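First comes the structure, then the notes that go with it.
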Amino acid sequence: MEIIESLEEIPVQNPQAEDFSYSDLSWTKFGTTEHHDEVALIPYARVEEFIIGECSNPECPTRFHIERGRKRSRGSLREYKPDEYLEYRLYWCSFGPENYGEGGGVLPSRKYRLNTRNRAARPQSMRGCTCHFVVKRLYARPSLALLVYNERRHVNKAGFVCHGPLDRDAIGPGAKKIPYICNEIQQQTMSMIYLGIPEENVLEKHIEGIQRYCGSDATVDTLASQYVHKLGMIIKRSTHELDLDDQASIKIWAERNKKSIFSYQESSETDQFMLGIQTEWQLQQFVRFGHCSLVAADSTFGIKRLKYPLCTLLVFDSRHHALPVAWIISRSNLKSDVEKWMKILLQRAQSVEPGFRINGFIIDDAAMEIDPIRDTFRCPVLFSLWRIRRSWLRNVVKKCDTIEVQRELFKCLGEVVYSIWDGVDTSKVLERLTLDFSDQTAFMHYFTSTWLPKIGMWLSSIKILPLASQEACGAIEAYHVKLKVKLFDDTHLNALQRVDWLVHKLTTELHSSYWLDRYADESDSFQNVKEEYIASTSWHRASEIPDSAVILDSNNTVVAKVRSQRDTNVARLVWNPGSEFAFCDCAWSLQGNLCKHIIKVNTMCENREGYGDSMSLRSFKEKLTSIKMKPMDDSIALDLSMALTLQMFDQIKQLVKLSGTDDISNIVNDLPVKWGCRKGRTTVGIPASIAAFTKKRSQRRKR
């Protein structure tokens, strides 16, 4: 095949078939004599049809996933080569590239031994397949896509067919007659089994999934039934105890699941135990929903009941629900340890998306180290009030008898927090609180022993840091409640002091639950699961309450009423409306949660006379006021403030100009020239063949 050095000489192909594959295209060798690839040009709009055709290969049915991707904006390059990309995506066969198993090494791709003690004892889809290709949306011609096939055959590194009917040593019953089950179908089936869905329903969904690849057949249905039943038995018989010793057990688990671990440190005399868990799916969600968005931390779960506290990193998905993307099990709060796992986590995300960054990090514990967050993610830090509010409300309801005392005491606790903005001495507010409720001995003993020694630290963090909104607080609290229900079940109380049990619960039941929630929402399947997922936060439930159901009295701003949608004769009373420390008499609120009635009432109270601002709004106004304050005349502080103000003004001006234009090239032409490194400047705009020749010639001179 002749090697072509100019992209202009390669014809554009547009097959007539609805779905087409490699065999339907004519491939050309593009590049130089030393380095060239097999390429083809097709319309960019038909890339999905090419991928579907490749997935339907009868010899090796599979699915391709995006292993790596990059993007450029139009007009970002002044000079470019003909094969420069606007969008770059590397697609890899889902049966590759690696197959990790017991021992942590890369197993031979076709050997398998059933191990009933391993919860992942199933036909693994990661078989070492090296088949992959690249799709480039051309920068010069965005309507075209350049297909670059790096490895056409579905073989492993040894050159053997590693999946599909041609694999003679295939795993499982009748694997020569039925293709392997892809990751998505496996995860769907496992998630349904972990969540206790009946086997008949699991089998129905499982057959629907595999019929997309091999069609409807009686043999396929029989083998699928055997697979689902066998997988269900394996999951039911699986155990978290890989060894009687907890430390040895978690070490074995870490060796078997290296791809799901981003940080592991064994306990020793100098170092404390640390285990960071992030599955491949969680990494995808971290990059997808965390990039240029918010990340939150539920930082001290199980600090009293578990052997090691659990810290969860959360992102907010398309419905603004909190989604766990990493779990860190450790008791260490040292700055060095926190900074260590944060940097590894950031590097892990940037290996998938090179430009990955977050715009804000929400913490919920005043004792949490802030410097590692700012040094690693280089973003603002926000503070969430949900933990302090939940702790106070639960103990008020638990330790005080009458509801009148509960709501008055909770209101006074809110005044303690509000005092940092009202210009009132906090010590006097605390003194008045202890005197007015001195008869509530149970609560006052709890408050003075638990919160009074550290109340200054918490109030200082609330005043210094911007406060997160009620929607974010409600989403984090919803995750916390779900995690508590999953872990603190009565049947598992004896295992709370084992780390292997905690890891097992997180990576099986909890992970499967969130995976199925997202899958049901995106694929519009499992309607019951989707409805429960959508309504899992108080913020969404509050949005379903009509404004007409809320009764606000302008003459009495102390209390508000919310009529029930099921029974119009029932109304919930919300005391102290408009405040984060509002008190509702519904059952969900009395358990310490932020209920839908409070959120709805607080939303209605915004911009109404007689009701105060929310704490997040007060915090925002406080930050604006501090920026606006003029420093001393003729001081360095004035120069610094002026420089920061002008920098912010220029950024806002550019954003306004960018959002109001239809042609980005006009803005790019006005930008100042930024010189790259000398090595990069010499090849800009030079054809690939000439650049390669120049490089070869320079190497000869060096020799």
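The values are calculated or read from the model by the stated rules, or taken from the named source; none is laboratory data. These numbers were taken from a predicted model, which means no experiment stands behind them. Every residue, glycine among them, receives a Cβ derived from its backbone with ideal geometry; neighbour counts consider all protein chains shown. Calculation scope for accessible area: heavy atoms of the full protein, side chains included, ligands and nucleic acids excluded. Shrake-Rupley method; radii C 1.70, N 1.55, O 1.52, S 1.80 Å.
Out of the range 459-518, which residues are of a type in the set (Ser, Thr, Tyr), without any contact (Cβ under 8 Å) to a residue 60 or more places away in the chain and buried (at least 17 other Cβ atoms within 10 Å of the Cβ)? Can you show your working first?
Looking only at the range 459-518, we keep the residues that are of a type in the set (Ser, Thr, Tyr), and these are 460-461, 469, 479, 491, 507-508, 512-514.
Going one step further and asking which of them are without any contact (Cβ under 8 Å) to a residue 60 or more places away in the chain, we end up with 491.
Scanning the range 459-518 gives no hits.
Just wondering, is there one or more residues in the range 358-375 that are in a helix (DSSP H, G or I), in contact (Cβ under 8 Å) with a residue 40 or more places away in the chain and surrounded by fewer than 18 Cβ atoms within 10 Å (Cβ to Cβ)?
Looking for residues that are in a helix (DSSP H, G or I), in contact (Cβ under 8 Å) with a residue 40 or more places away in the chain and surrounded by fewer than 18 Cβ atoms within 10 Å (Cβ to Cβ), one finds none in the range 358-375, hence no.
Flag set for Ser318, criterion: assigned to a loop (DSSP other than H, G, I, E, B) and open to solvent by 70 Å² or more (accessible area, probe 1.4 Å).
Restricting to the range 554-598, count the residues that are part of a strand (DSSP E or B) and open to solvent by less than 10 Å² (accessible area, probe 1.4 Å).
Within the range 554-598, residues that are part of a strand (DSSP E or B) and open to solvent by less than 10 Å² (accessible area, probe 1.4 Å) number 5.
Note on the range 122-138: among residues that are among the charged types (D, E, K, R) and at pLDDT 85 or above, the one that is surrounded by the fewest Cβ atoms within 10 Å (Cβ to Cβ) is Arg137.
The residues on offer are Arg46, Arg70, Arg78, and the sole one that is basic (Lys, Arg) and assigned to a strand (DSSP E or B) is Arg70. Each residue in the range 606-639 was checked for being within 15 Å of Leu382 (Cβ to Cβ), modelled with pLDDT of 75 or more and not hydroxyl-bearing (Ser, Thr, Tyr), and 5 of them qualify. Residues satisfying the criterion are absent from the range 25-43 (criterion: assigned to a helix (DSSP H, G or I) and either at positive phi or among the basic types (Lys, Arg) (or both)).
Suppose we keep only residues that are open to solvent by less than 70 Å² (accessible area, probe 1.4 Å) and polar (S, T, N, Q) within the range 1-43. Which one would you say is modelled with the highest pLDDT? Only one residue tops the list, namely Gln13.
Specify which of the listed residues (Arg168, Arg110, Arg119, Arg141) is open to solvent by 20 Å² or more (accessible area, probe 1.4 Å) and at pLDDT 75 or above. Steps first, answer last, please.
Details: Arg168 fails: at pLDDT 75 or above; Arg110 fails: at pLDDT 75 or above; Arg119 fails: at pLDDT 75 or above.
Being open to solvent by 20 Å² or more (accessible area, probe 1.4 Å) and at pLDDT 75 or above holds for just one of Arg168, Arg110, Arg119, Arg141, which is Arg141.
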